Amino acid sequence: MNVVWDPGKHSLRARVFSLTLTGLFFLLIVMVSSGEYGVRQSQKQTFRERLTLGKTIGSQIDSLLLQNLSFLQNVSFSPGWNPQDDNPEPEMNALHTARLYGFFSNVHLSQQSSLEKPNVSNLVLHDGKQMLLFQIPLRNAAIIGEVDPADHFLNKVLQTGTIGKTGSVEVTDANNVVIASTEPNDLLRKSHHADCADELFRTGDGSIRRCESRDDKKIVTVVMLKSAPWKLNLAQSEDEALAPVQQMRTRFFLAGIVIFGVAILVLWGMTGSIIEPIRALTSSAQRISSGDLSQPVSIHGEEEIGILGNTMEEMRVKLGNLLEEVDLANRTLEKRVEARTEEVNKLYNELKQKEETRRMLLRKVISAQEDERKRIARELHDDLSQTLATLLLKLNGSNEEARDMAVRAIDSIHRLILDLRPAVLDDLGLSVAIRWYAENRLAPLGIHVYFEGNAPDVIRGSETEIALFRIAQEALNNVAKHAQAENVMVSVEEKDGKLMLEVEDDGTGFDPETFTMVRDGHGFGLHGMRERVELLQGRLEIESGPDSGTRIVVSIPINQEIPVYG
């Protein structure tokens, strides 16, 4: 089978390239995954840094609030402090000192208080103005420090948390009202990040969470203050906050594309440097397989493909030499075969001539045998039978024993004449002769004979008629001698241009294979039957088996020129 390489179908280069490209694709996926993992870790680190910054600012604010609460708390420990006496000057001086040290817009003493511990309030309306109240409880009184959010009391601390151009820091009370902010326009308004802050407040988790405000796409970090019911919100645009992360992701993506493109180019070149020699070797192998050994293999070298090319070239040379030797041997063998064929044909022709000579001699022997049988039968009938009949007449009335012996002799002569050449065959034909012989030969033995059919007149007096009679005679004699049969069926008929003779008995039968050759004086009868059938170009079939009877079928063509005795 000649396989032709098609560069456009099932290309080895395409398969190698696709497999390697698949490997590179998976490698690229791994690289992208690793890069994405690094990007995510960088993003988490950014959030952790923002978290740390929020905690730091929250701690500073908590410290500042506690410091101002301590200023108020120290008022009650000032010298001469006694709100119950009639001298208010020490109390006024102590309250003024607390106002000077703290960021309070006003500090005063309230005679009514239900507080149990120091407290920082949400934004409340006090004396018609929104204020933040720092309260220190006393016995039946309270020291209250008022803080005006418009005084930007926390600006210095908040400015330390400003990040980038879009970053902002604000402090809101429990109602999400901005009480301090790096954005002055947001002061005393509801925070833009109220939803995110409320979500953190509802979780009951005092830790810091990353929240995304979908409206303005900002990253918001919320810190719950410990010293006041306030929240610290650090907000920054998502694009700016994650810009380093996005840049890192973009660099990873571009680097992956560049590496993948370079890898494809390198891979294409490498596969070409490997596949092109393989294509050349494939073409050389196809030429060699098609019988073209004229062109040498052009690939050589010390690497694997070069060694393969060297080996293929050596194979081409050896194969060419071998083909020349085979061609020479074929020519020599053809001459020998022609000579032997001539010898075989000569021997066959000689054997054929000898076989024809043998057949002719056998035919002449059988013909001479039949002529001799006929002559002997005639002489026995004309001479010896007449002599015995005359002797019987002369013995009339004399010795009875001699007469009986003469009668038996005459009967024996008659049987001998019938075996040699029955006159009924010449007078009445084949069918009557076979029936007559069967009845005379088998009936005395108690064997029932059934005869059917009639031979055509065209074979009267011919070699075919004599041969069929002798075959039937031999078959009937075998039945009488060996078969131990009770019934015999004999038929003679013409069918499809052939004369059919069939003899069948219900005797003991035999194995036909044991009588294919003449051995130990047995098988002469069957052998003679076969020779007679072969001389007439007919066919003999013997069907028999132990205890299954015997069936002999002879078919002789009668559409040929039939020789006639005479």
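FYI, it's all coordinate maths here, none of it is from the lab. Fair warning: this is a prediction, and the values are worked out from it, not measured in the lab. Reconstructed Cβ throughout: ideal geometry from the backbone, glycine too, with neighbour counts over all protein chains shown.
Label sites at A443 and W268, each approximated as a point 7 angstrom past Cα along Cα to Cβ, lie 11.2 nm apart. Loop-located GluC sites (Glu not before Pro) across the stretch 76-154 with a Cβ neighbour count of 15 or fewer within 10 Å are E116, with loop assigned by DSSP. From the Cα gyration tensor of the stretch 429-557, with a ≥ b ≥ c the square roots of its eigenvalues, which class applies: rounded if a/c is under 1.5, or else prolate if a/b is larger than b/c, or else oblate? Oblate is the answer for the stretch 429-557, as a/c is 1.5 or above yet b/c matches or exceeds a/b.
If you add up the charges near P83, with Lys and Arg at +1 and Asp and Glu at -1, over every other residue whose beta carbon is less than 13 angstrom from its beta carbon, what do you get? For residues surrounding P83, the net value is -3. Packing, taken as the mean count of other beta carbons within 10 Å per residue, orders the peptides 426-439, 296-309 from highest to lowest as 426-439, 296-309.
Across all C-alpha atoms in the stretch 12-243, the radius of gyration and Dmax reach 25.5, 110 Å. Summary of the geometry: the stretch 246-283 and the stretch 290-355, compared by the centres of their Cα atoms, lie 49 Å apart.
The Cβ shell under 12 Å around G453 holds other residues with a net charge of -2, Lys and Arg each +1, Asp and Glu each -1. Remark: relative contact order (the stretch 109-198) = 20 percent; criterion is Cα-Cα distance under 8 angstrom and separation of 6 or more residues. Ordered by the number of other Cβ atoms lying within 10 Å of each residue's own Cβ, fewest first, T357, T271, T508 fall into the sequence T357, T508, T271.
Using the average count of surrounding beta-carbon atoms within 10 Å as a protection proxy, the listed peptides 279-289, 474-484 rank, highest first, as 474-484, 279-289. Neighbour counts of C-beta atoms inside 10 Å place F104, F26 in the sequence F26, F104, starting with the fewest. In this structure, V30 and T52 have a Cβ-Cβ separation that, at R0 = 45 Å, corresponds to a calculated FRET efficiency of about 0.90.
Of the residues L323, L442, L232, the one with the fewest other Cβ atoms within 10 Å heads the list, and the complete ranking is L323, L442, L232. Averaging the Cα positions of each part gives two centres, and for the stretch 50-90 and the stretch 136-177 these lie 14 Å apart. Packing around the peptides 337-343, 449-455, 37-43, taken as the average count of other Cβ atoms within 10 Å per residue, puts them in this order, highest first: 449-455, 37-43, 337-343. The mean sequence separation of alpha-carbon pairs under 8 Å and at least six residues apart, normalised by the residue count of the stretch 12-243, gives a relative contact order of 17 percent.
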